[in-house]
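The values are calculated or read from the model by the stated rules, or taken from the named source; none is laboratory data. Everything quoted here is computed from the prediction, not taken from an experiment. Using ideal geometry, Cβ is built from the backbone for each residue, glycine included, and neighbour counts are taken over all protein chains shown. Heads up: the accessible areas ignore ligands, DNA and RNA and are worked out on the full protein's heavy atoms, side chains in. Shrake-Rupley method; radii C 1.70, N 1.55, O 1.52, S 1.80 Å.
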Amino acid sequence: MKTKKKWMTTMMAGGLALVVTACGSGDANNGGQSSANANNAPAPVEAAKVVESTEPITIQYWHSHAEAQMEGLNYMLEEFSKKYPHITVEPVFQGGYPDLHKKLQAAVAANDVPAVTNVEVSSLPTFGDSGVFTDLTPWILRDNTAMDDFSEGMINAYAFNGKQYGFPLIVSTSVFVYNKTLLDELGVQPPQTWDDIDAFNEAVTLKENGETTRYAFSVPGWDAWYFDPWMINGGGQILTDDQSASAVETPESMRYIENFYKWKTDGYMHIGYGKGASDNMRQMFLGGEIAMVQHTSANIKMYRENADFEIGVSFVPGDVKRISNIGGAGIAMMDGASDEEKEAAWKFIEHMTSAEHNIKWAESVGYLPTRKSAIDSEEGKQYFERWPQYEAVFEHFDDVTPRLQHIAYPEFRTHYIEVIGELALNNVDPAMLMPQAAERINEILADYE
């Protein structure tokens, strides 16, 4: 198959997931995009054998945790060592996600892999499809792991073709971060539906001599992760139901970007794109030039610490649907590890994603808790007292869904990102360019038939 020939190159970027039967399936769990593999029932899986051993063993954990996350990681490693003193986990920083993924490719080629690794969420299907990761289902069955304690979307994001290849570890989603002080002064609320946006724009935007001095809101154009949910919420989809062709050019899929074109042309909306776009958007928001920005929930802490006004957070507005996509990274087991290493890796995966440490871990790294029981605990209630901005996310806990699950997604998404870029930089009408992007997407998809 052509997919097997291309996995080494497509692994540079990402895609997403379907889950084990116990966690559900279908459009609601896939950001409005059906899976071409949904009808392929997985073969029965046997539970893993119980391994009772206290023989010393050392495994490596390859990761991309930034310096700010290391205090939390060190805490988790210490707690793991207390529980399993015979297992030594060596954390090995491998750079950002692209570097980590390249090094995993090299390790597979050299037949010298770590036992456990981070994986950026959109790259999970590519690694899973190529046989690099181990299906965790046998261990899940053996230990009766409470899969329904995770949000459905979060756990679905780390599965593919009916196999659970990983668990969510550092999870984010895009949200609207807004200047609550300003909006309260103006007597307006962040829009909850598309129908609310025009009135919000009129109330919040400032113009002087025909030039916008304060935009109502900004949407990042540098990553499809931010605007794919707009497409889906408007009733569109990235690919056709059978995933054989592009759907980005259909009327339903074009609704969001046609609105973007209008809002930007009229001076209400800012779109970040190009070198330094993220930093520029942040500074414009903190400087009062934008009232509300769509950004990763992982930046909520940064905004709260740097703004000289009160920060509010709102879930992205909805229309036909109201979802947002999962970001961040998970934790997975390498299939090339030995049986003994896999058992140790499973114990480490369970520990890192356990409800017991979920709140402390999430707060220490600035990402989202992933366990419902942890969120509902007394510790969880105290967390929300300290961080009320996160409540807007967890009111929509099951509306945070996986991205499109197709191993060519990281390759073909660049073409419709470029359309956003032309709109952001040159104000080109997307209706002129999206059909061309669709043609290029179809050419790429043909290579995966």
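Quick notes on this one:
- Its Cα gyration tensor gives region 140-276 an equivalent ellipsoid; the semi-axes, largest first and in whole Å, are 36, 21, 13.
- Compactness of region 306-449 is given as radius of gyration and Dmax, 20.7, 57 Å, from Cα positions.
- Degrees separating the helix 97-109 axis from the principal Cα axis of the chain, which is the longest one: 30
- Cut-off under 5 Å, modelled amide H: who pairs with Ala159 long-range: Leu18, Tyr165
- Diffusion coefficient (Stokes-Einstein, Kirkwood radius over C-alpha pairs, 20 °C, 1.002 mPa s) for region 305-350: 140 µm²/s, rounded to a whole number.
- Along region 74-91 the Karplus relation, 6.51 cos²θ - 1.76 cosθ + 1.60 evaluated at θ = phi - 60°, assigns HN-Hα couplings of 4, 4, 5, 5, 5, 5, 5, 4, 5, 7, 10, x, 7, 9, 9, 9, 9, x Hz to successive residues, with x for each Gly and Pro.
- Spacing of the two label points (7 Å from each Cα toward its C-beta) at Asp196 and Gln283, in nm: 3.1
- The chain: mean projected area of Cα convex hull, nm²: 20.8
- Accessible area per residue, Å², the chain with all protein chains present, probe 1.4 Å: 41
- Relative packing of 157-168, 298-309, 234-245, 349-360, which averages over residues the other C-beta atoms within 10 Å, highest first: 157-168, 349-360, 234-245, 298-309
- Geometric descriptor of region 376-440, per residue, is 155 Å³ (volume of the convex hull of the Cα atoms).
- Taking only the C-alpha atoms of region 234-335, the Rg (one decimal) and the largest Cα-Cα distance, Dmax (whole number), read 17.1, 53 Å.
- Taking θ as phi - 60° and the Karplus parameters 6.51, -1.76 and 1.60, the scalar couplings of region 218-227 work out to 9, 10, x, x, 7, 9, 4, 3, 7, 9 Hz in sequence order, x denoting glycine and proline.
- Cβ-based net charge around Tyr178, under 15 Å, with every Lys or Arg adding one and every Asp or Glu removing one: -3
- For Asn325, distant residues with modelled amide H under 5 Å away: Ser174, Thr401
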